[in-house]
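Q: First, the structure itself, so that you have it in front of you.
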Amino acid sequence: MTRFPDDDKKLIQFMRQHRPQPPSALPGLEDRILAAVEQPDQPQRSRPRRWYRSTWIPPAIAAGLLVSVVSYHTLTPPKPNSTYIASLETFVETSWQGTVTDSSDDDQFPLNDVAAN
């Protein structure tokens, strides 16, 4: 065990002086413990299992699976057809061409002309 340095001697002295007293043992506690250990194993009385506590688990699992399957089928987007893909490709090509081509600075910053006036 690592010993800490005695940097806080006042704190250690205070803690030793004001430490709480442990509670006193109950009379006959040791005899009761030894008697319980020496007794042969007796089945512990368990509370009767209530039938309604476990009956909701299988339906809850089934409902969760049903909700996940239905939501997966309803929320997945449909596969795009070839005409949609072709129109998307042409859109991307035309919009990309607008970003790649050289244009004059006047077209990019039209507010400069307004500020100069």
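Q: Taking θ = phi - 60°, what integer Hz values does the Karplus form 6.51 cos²θ - 1.76 cosθ + 1.60 yield along the range 81-96, in sequence order, with x for Gly and Pro?
A: With coefficients 6.51, -1.76 and 1.60, one gets 7, 5, 5, 5, 5, 5, 5, 5, 5, 5, 4, 5, 5, 5, 6, 5 Hz.
Q: Quick check: residue separation of Tyr84 and Val67 times 0.36 nm, minus the Cα distance between them. What number comes out in nm?
A: Stretched fully, the Tyr84-Val67 segment lengthens by 3.0 nm.
Q: Kindly state, to the nearest 0.05, the FRET efficiency for Trp96 paired with Leu75, given R0 = 35 Å and r defined as their beta-carbon distance. Could you put the intermediate results ahead of the total?
A: Values: r = 31 Å, r/R0 = 0.88.
After rounding to 0.05, the efficiency reads 0.70.
Q: A further question follows. Give me the number: length gained by fully extending Met15 to Gln39, i.e. 0.36 nm times residue separation minus the C-alpha to C-alpha distance, one decimal in nm. Don't jump to the answer; show the numbers that get you there.
A: On the way: separation 24, 0.36 × 24 = 8.64 nm, distance 4.29 nm.
My answer for the length gained is 4.3 nm.
Read-outs: derived from the displayed coordinates by stated rules, not from any lab. What you see is a predicted model, and the numbers here were worked out from it, not measured in a lab. All Cβ positions, even for glycine, are placed from backbone atoms using ideal geometry, and neighbour counts span all protein chains on display.
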